[in-house]
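I have placed the structure first, in the form of structure tokens, so that the comments after it can refer back to it.
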Amino acid sequence: MHATATNDPTAHGPLAGFTVGVTAARRADELGALLQRRGATVLHAPALRIVPLADDSELLHATKELIAHAPDVVVATTAIGFRGWIEAADGWGHGEALLRCLRGVELLARGPKVKGAVRAAGLTEEWSPSSESMAEVLDRLLGEGVEGRRVALQLHGEPLPGFVEALRAGGAEVVKVPVYRWLPPEDLTPVDRLLDATVGGGVDALTFTSAPAAASLLARAEERGMTAELLAVLRHDVLSACVGPVTALPLQSLGVDTVRPERFRLGPLVQLLCKELPARTRVLTLAGRRVEIRGHAVLVDEELRAVPPAGMALLLALARRPGWVVARAELLRALPGAGSDEHAVESAVARLRGALGAPKLIQTVVKRGYRLAVDPAVGSKYVS
């Protein structure tokens, strides 16, 4: 999946009419497909690339060190990372030696997927938390006591705030096993397109499945001098959906509110978007029709109508004061790149009416401007 927009305007799912940015490098196709099946337009821009395991000298060094000097405890944090570690060691000719090492230590697996990877390697975990929480793993280790113990921690590309520090404070020697490393993408064009679309009002939500992806997107915005603009839209207009609390840290540290599912999986992440995005829409009763304003489309009595950016800008300007007359000059300022000719407003309103398929939703007030046709029974106090 590339940085392209895909959507079937005739399909009406819970995310129809919304544009969602996907920053993931790994499993991006799976996430994009889940979003598209629910009607979303998807903009994919991988904010990171993963260094292939077999090329990672840091992992090779850590593996050799552990084989030569076995730890007391090994913490496996992700299934893909643990499998990759074993496969990389096998490729280097150290696979059997690593497995012998792991059979003789206390092996902790964070969650059922990791447990499955451990057992697939012919190993048996000593313990696995039901919560899939690294905090619970830390509590167990500290409860057992780590003074003088050597703990190997399989990293998975995300920061583990306080985890290593807490172990070292308890007297443990911690060996980090960097199973894969994140680097910026070789081609920054898709990321730049996603940033431009986000600050330009063309994105309704951004999804993040790793903290490094969030940090990388923010770093690219800083390189382009867009940090203030990006943070402004993330704090007010664009929903930031993160797969888990660790992923959210780079955004939350800058004052960006995030949402995350109870279960840290792609499916629940998409389900959360299906709930959150429709809940943020504006719903009005205009000329006897139910009108729900979404990101790049409008539901008119449950019929999805695609609306071009200029039309959506006008509609949002009118919807800020439903039933009140909005002057042509004000609407002209809302139009992107409209210049100074107020006739541009007339043309844009005509196109908007055509896009909505219901011209009576927008009323012309001669010599004054335009207003939404709010039903008197529903919104009489707003009408001027």
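The values are calculated or read from the model by the stated rules, or taken from the named source; none is laboratory data. As the structure is a prediction and not an experimental result, all values here were calculated from the model. Because the Cβ atoms are built from the backbone with ideal geometry, glycine has one as well, and the counts that use them run over all protein chains shown. In case anyone asks, the SASA skips ligands and DNA or RNA and just uses the protein heavy atoms, side chains included. Shrake-Rupley method; radii C 1.70, N 1.55, O 1.52, S 1.80 Å.
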Each label point is 7 Å from the Cα along the Cα-to-Cβ direction; what then is the distance between the points at E96 and R265, in nm?
3.8
Which value, to two decimals, describes the C-alpha radius of gyration of the range 269-384 once divided by 2.2 N^0.38 Å?
1.06
Name the shape class, rounded, prolate or oblate, that the alpha-carbon gyration tensor gives for the range 291-334, where a ≥ b ≥ c are the square roots of its eigenvalues, rounded holds for a/c under 1.5, and otherwise prolate holds if a/b is larger than b/c and oblate otherwise.
oblate
Among G13, G81, G143, residue whose mean-square fluctuation peaks in a GNM of the chain (springs only between Cα atoms under 10 Å)
G143
Given the -39500 (n - 2.57) contribution per DSSP H run of 4+ residues, what per-residue ellipticity at 222 nm results for the chain, rounded to the nearest 500 deg cm²/dmol?
-12500 deg cm²/dmol
Just going by the charge dipole of the chain, with Lys and Arg at +1 and Asp and Glu at -1 on Cβ, which of S128, L43, L15 is farthest out on the positive end?
L15
What ranking, highest mean first, results for peptides 181-188, 310-317 when packing means the other Cβ atoms within 10 Å averaged over each residue?
310-317, 181-188
Cα centroid distance between the range 31-92 and the range 195-259, in Å?
24
Can you tell me the accessible area per residue over the chain, all protein chains present, probe 1.4 angstrom, in square angstrom?
46
How much length would be gained if the chain were fully extended between R49 and A169, taking 0.36 nm per residue of separation minus their Cα-Cα distance, in nm to one decimal?
39.9 nm
Heavy-atom accessible surface of the range 234-301: percent carbon and sulfur, 1.4 Å
47
Please work out the Cα convex hull volume for the range 53-135 and give it in Å³ per residue.
87
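For the range 141-192, what does the alpha-carbon gyration tensor say about shape, rounded, prolate or oblate, given a ≥ b ≥ c as the root eigenvalues, a/c under 1.5 as rounded, and a/b over b/c as prolate?
Numbers: a/c = 4.85, a/b = 3.17, b/c = 1.53.
Prolate, because a/c is 1.5 or more and a/b exceeds b/c.
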Extension reserve of the V233-D196 stretch, reckoned as 0.36 nm per residue once the Cα distance is removed:
12.2 nm
Relative to the longest principal axis of the C-alpha atoms of the chain, give the angle of the C-alpha long axis of helix 309-319, reported between 0 and 90° and rounded to the nearest 10°.
70
Crossing angle, helix 266-279 versus the chain [Cα axis fit, 0-90 degrees, rounded to tens]:
20
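Is the C-alpha gyration tensor of the chain telling us rounded, prolate or oblate? Criteria: a/c under 1.5 is rounded; beyond that, a/b larger than b/c is prolate, otherwise oblate.
It comes out prolate by the Cα gyration axes.
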Over the range 37-113, what relative contact order in percent results from Cα pairs under 8 Å that are six or more residues apart?
36
Counting only protein heavy atoms and a 1.4 Å probe, tell me what percentage of the range 157-198's accessible area is made up of carbon and sulfur.
52
